[in-house]
Amino acid sequence: MLNTSQILYLSPFLISLLIMVWTGAFAWKRRKVSGATEFSLFIGVQVLWCLGFMLELTSTTLEWKLFWDDVQWPFTVLSATIFGLFILRYTRGFKLNKKYLGFLLALVIPLVIYSATDQLHHTIRGNIHLEEAQPFSAMTYEYSWGFYLVSISSFIVTTVGIIILIISIFKGQREFYKQSLTILIGVMIPLIGSLLTLLDVVLYTYRDTSPISFALGGVVVLWGLIKYSLFDIVPVAMRTVLDTIDDAVFVFDGQRRIVFMNQAGGKALRVELKDVLGKTAKDIFPGHDADVDYFRSVEQAEQEIETINPDGVKQQYMVKLLPLFSDSKQNIGRVVVLNNITRFKQLNQKLQKHNEQTNLLVEKRTAELKQRNQDLLDEVELRKEAEEKIAANLEEKTAMVHEINHRVRNNMAIIMSLLNMQSRYLDSSSAAKPIMEIHNRIYSMSLIHTMMYHTGDFKHVSIQDYLHRLYSHIIHQKRTGLKLDFKVEMNQVTLPIEKAIPVGLILNEVISNAILHAFPKLESGEISVKGEYDEQGCVTFTISDNGVGFDKTILDKADTFGLKMVHLLAEQLEGVLSFNLDKGTQVEIHLNATRTLPEPFEQPEDQD
């Protein structure tokens, strides 16, 4: 049992132990904050170190004192290591991954094992003996080279952490450096105490002042936990995040004085934080007294304001006011966020102006169409409904990026509708045939714009998808009773619009000709279209059928409009057109897909 003098002797260490336990528990409860977990582990190691020291002190035999002294040595290494991790996490937001953890364990574990097994190698302590003293006997020994190895290694790691912390103090903002300075003082006290023990400096009656210095350092950190809310705001990590955003952020304390401003805020005001610290909102926002008074009268708000920057340029901001509350739900300050919406406002004005111009153009075009079709509206009610739909479609607002394509599709639809209606008034099928052929050619071009509109890709057209839709239209228009096997073999062939339209006209002409003439007495047949790129980036299209074939004399004369158009389009595409009439008909067009069309298609003068 311990006597009164021994209990009094141990009382400072017991108090130190309780203070450290409370500090570690406080940090552990806030372990979700960067650095809090490492700090609680750092305090936990110091608690075990202090407990081992007390057990060594109260032991009565040399063997037990050696045992508890061996227990304390690993905590020396672990304390310095965990302190270094805490500083990295608290100041830099460093997160220990598996790679760094493996490297750290490879360094620390051998040193821990070495320091805990001195009784096997005897390179840390020498000349160990027990001296009788009051109120406890003392174990004394000489320092060997291993003692200095472990001590210096721990001091180096701790010193590097302290240097990093000092750098963060000088670089930190006003509300952050006090937190870092509190941690620095709390760590320096036990470091100095350990250094005094290393130098054999005895203060009062205690041989080893490390436990007491741990407690004093814990008191400082405890005061910082309460005074500056340590682990509620991560200093440098928080500053890094705030300085990377484009919005200006200002933090005011409970007395409405500015305590923080990020880089965007300094750029907006053309000042540095040190020049505005402690000033009020009216001091840093001159000319906006009414706005400041309004925001002072409310707890949370969002409002647009207009100001003039130092260059005399008008700026518009969206101001957001947010309250700051402590853990006890007390209002401790405010955050003001300024989002520069000047560019957004300018773009919005341009968009509105563009919409107005578009509406005027649409209304003007609508009026022209109504005037041109007035005479036909009295004769054909169906045409009247079609024109009203066109006018209604033209009056609708469309997105600016779809406008050109949308108009082209509508105009082509108008032409095809006119051709359809015109063909209904022709008495003979021979007179209506050229009109329907023109209708199909226009549809082949309109289909390109329709696909671009639905896919949202205004640069390239998938020829495979185009062919399936084109074939469905042609077979519906030409011979719905014929059973054809239509095959498309494409390896993701796409073309730009300036090449897709003429290629579509060629495909429409060749496929239409095959459907009409290749199977005059057959109930079924096969039409295939292949498309592929070669190594030079050139694309080749091959359209073939297994029908009766094509008259070579007609091919040599090339006196039909369709055949002339195919040759002319191939020439303007700078492609090579060839025909194979051995088995059925095979048309092949070879062109360079990387080059643009030099000139638009021109219709020949003589028509079929």
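The values are calculated or read from the model by the stated rules, or taken from the named source; none is laboratory data. Values in this document were obtained by computation on a predicted structure and should not be read as measured data. Note: ideal-geometry Cβ built from the backbone for every residue, glycine included; neighbour counts use all protein chains shown. The area values use the complete protein model at the heavy-atom level, side chains included, leaving out ligands, DNA and RNA. Shrake-Rupley method; radii C 1.70, N 1.55, O 1.52, S 1.80 Å.
Summed over the stretch 483-509, residues that are surrounded by 15 or more Cβ atoms within 10 Å (Cβ to Cβ) and not in a helix (DSSP H, G or I) total 8. Phe83 falls short on exactly one of the conditions (1) more than 48 Å from the chain's Cα centre (by Cα); (2) surrounded by 13 or more Cβ atoms within 10 Å (Cβ to Cβ), and that condition is (1). Please list, ordered by first then second residue, the pairs with beta carbon atoms under 6 Å, 6 or more apart or interchain, first in the stretch 319-338 and at pLDDT below 85, second open to solvent by 20 Å² or more (accessible area, probe 1.4 Å) and among the hydroxyl-bearing types (Ser, Thr, Tyr). Sorted first by the residue in the stretch 319-338, then by its partner, the pairs are Ile332/Ser326. All conditions but one from (1) at pLDDT 80 or above; (2) of a type in the set (Phe, Trp, Tyr); (3) open to solvent by 70 Å² or more (accessible area, probe 1.4 Å) apply to Tyr466; the one that does not is (3).
For the stretch 276-293, give me each residue that is surrounded by fewer than 17 Cβ atoms within 10 Å (Cβ to Cβ) and either modelled with pLDDT of 80 or more or assigned to a loop (DSSP other than H, G, I, E, B) (or both). Leu277, Gly278, Lys279, Thr280, Lys282, Asp283, Pro286, Gly287 - these are the residues of the stretch 276-293 that are surrounded by fewer than 17 Cβ atoms within 10 Å (Cβ to Cβ) and either modelled with pLDDT of 80 or more or assigned to a loop (DSSP other than H, G, I, E, B) (or both). Once the stretch 260-273 is narrowed to residues that are touching a residue at least 24 places away in the same chain (Cβ under 8 Å) and surrounded by fewer than 19 Cβ atoms within 10 Å (Cβ to Cβ), the residue that is nearest to Arg334 (Cα to Cα) is Leu273. You will find that of Gly525, Gly562, the residue that is in a strand (DSSP E or B), surrounded by fewer than 20 Cβ atoms within 10 Å (Cβ to Cβ) and either more than 50 Å from the chain's Cα centre (by Cα) or modelled with pLDDT under 85 (or both) is Gly525 and no other. Across the stretch 358-377, not a single residue is classified as within 41 Å of the chain's Cα centre (by Cα), of a type in the set (Asp, Glu) and farther than 30 Å from Leu269 by Cα. Among residues belonging to the stretch 529-551 that are small (Gly, Ala, Ser) and closer than 20 Å to Val576 by Cβ, point out the one that is surrounded by the fewest Cβ atoms within 10 Å (Cβ to Cβ). Taking the candidates together, the pick is Gly537. Being touching a Leu at 6+ places or on another chain (Cβ under 7 Å), modelled with pLDDT under 80, under 23 Å from Ser154 (Cβ atoms) and hydrophobic (A, V, I, L, M, F, W, C) is a property that Leu17 lacks. Filtered by the rule that a residue be assigned to a helix (DSSP H, G or I) and within 34 Å of the chain's Cα centre (by Cα), the stretch 294-307 gives a lone residue, Phe295. Given the structure, is Phe252 at pLDDT below 85 and surrounded by 14 or more Cβ atoms within 10 Å (Cβ to Cβ)? The answer is no for Phe252. Screening the stretch 47-137 for helices (runs of 4 or more DSSP H) wholly inside it with 1 or more residues that are β-branched (Val, Ile, Thr) and at pLDDT 85 or above returns the ranges 62-92, 98-116.
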